Amino acid sequence: MRDHLLLKEYQDSELQLKYFNKFGYAFFKNVLSNKEVLELRNAMDRLTPIKESFDRDGIHPDGKFFEKHIKCVFNRDPIFLAYVDREKIIDFVASVVGHNVHAGSKISEYENFHIIGMTAWITGPGRKDQQLHCDWLPFPLPEDVIKDARVNVPLLVTTVHYYLDDLFEDLGPTKFVPGSHLAGRLPNGDTDWNGQGEQSVLCNAGDVLVFRSDVWHRGTANKSNQNRYLLQVHYANRMIAQKFPPYLNKFQFNESILEQASLRQRRLLGDHPNAAYD
Ligand SMILES: O=C(O)CCC(=O)C(=O)O
Ligand SMILES: [Fe+2]
């Protein structure tokens, strides 16, 4: 069994999509320059926590390790705005969650999805293993049903990982069980599926991984002596709520950042025209 995930970028977008549907993830090599990686890391270091937004910055409550986890960073520093619709990545994301579930609708892909979160995450030495999980499994199905060629489970949420380190096993890479979104269930303690075990994302700083919410994966222990830097961007079909805490009208868009946003960025931040349920 392989212990590291196959990280191949297919230049043909149809192939990239085909393997995303088959394995549950897609890889994009060298998306960010070294300068951009450094800028992002520095911006993450500068962020300060907002307690009501569920931010964390300090020693983790269930372990003696440092963790910084800051939500909705597109609203905190204009540097992060570019990662709302980073070139190349956003076209791919549009093709996987921008689809319209009502066949024949005239709504274009860019009008049918949005950002539901953007988190800056620094994990320090001593960070513990996560349990293998799905971020969200909206449609649990019997395996024989989900494998039927007539069944096409629509993807509602996908996450983009911008890796900001050269990953190695001791730094705590994300691990995936490729293809496990076709199990139709949560891992429930299993660590392999269909002959595939967990495989580490051993990529370089500036590389990007896009993955389905229903593929089995986990973050792993940081056994090194350095912090791991990760920017997570979560996207969903427009019908899925945005997760912008604090709730009950307490989240406020930062006007000075919004002024710098393009029309497409505003749209992805939630500036939709009226449609069903509005
Ligand atoms: O830390 C990672 O690499 C993955 C984290 C993750 O999967 C999660 O928090 O849901
Ligand atoms: Fe996860």
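Numbers at a glance
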{"item": "Anisotropy class of the range 102-224 from Cα gyration tensor, a/c 1.5 cut", "result": "oblate"}
{"item": "From phi via Karplus (6.51, -1.76, 1.60), per-residue ³J(HN,Hα) for the range 237-244 in Hz, x at Gly/Pro", "result": "3, 4, 6, 8, 5, 6, 10, 10"}
{"item": "Dipole moment magnitude, nearest 20 debye, the range 13-268 about Cα centre, only Lys, Arg, Asp, Glu C-beta charged", "result": "360 debye"}
{"item": "Trypsin sites (Lys or Arg not before Pro) restricted to DSSP loop in the range 130-201 with at most 11 other C-beta within 10 Å", "result": "ARG150"}
{"item": "Translational diffusion coefficient (Stokes-Einstein; Kirkwood radius from C-alpha pairs) of the chain at 10 °C, 1.306 mPa s, in µm²/s", "result": "82 µm²/s"}
{"item": "Distant-in-sequence amide H partners of TRP216 (H built 1.01 Å from N, under 5 Å)", "result": "VAL177, SER180, HIS181"}
{"item": "Listed residue (GLY206, ASN152, TRP216) projecting farthest to the positive dipole end of the chain, Cβ model", "result": "TRP216"}
{"item": "Projected-area average for the range 202-243 over all orientations - Cα convex hull basis, square nanometres", "result": "4.5 nm²"}
{"item": "Rounded, prolate or oblate (a/c below 1.5 giving rounded, otherwise prolate when a/b exceeds b/c) for the range 218-278 by Cα gyration tensor", "result": "prolate"}
{"item": "Dipole-positive endmost among ASN75, THR191, TYR247 within the range 13-268 (Cβ charges, Cα centre)", "result": "TYR247"}
{"item": "P(r) tail fraction, the range 1-94 - alpha-carbon pairs more than 16 Å apart, %", "result": "68 percent"}
{"item": "Restraint check, LYS71/LYS223; LYS35/LYS68; LYS8/LYS64, Cα-Cα greater than 31 Å", "result": "LYS8/LYS64"}
{"item": "Share of pairwise Cα separations in the range 156-278, more than 20 Å, in percent", "result": "59 percent"}
{"item": "Estimated translational D of the range 132-178 in µm²/s (Stokes, Kirkwood radius over Cα pairs; 4 °C; 1.567 mPa s)", "result": "93 µm²/s"}
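None of the figures in this text is laboratory data; all of them are computed from the coordinates on show. As the structure is a prediction and not an experimental result, all values here were calculated from the model. Cβ: placed from backbone, ideal geometry, glycine included. Neighbour counts: every protein chain shown.
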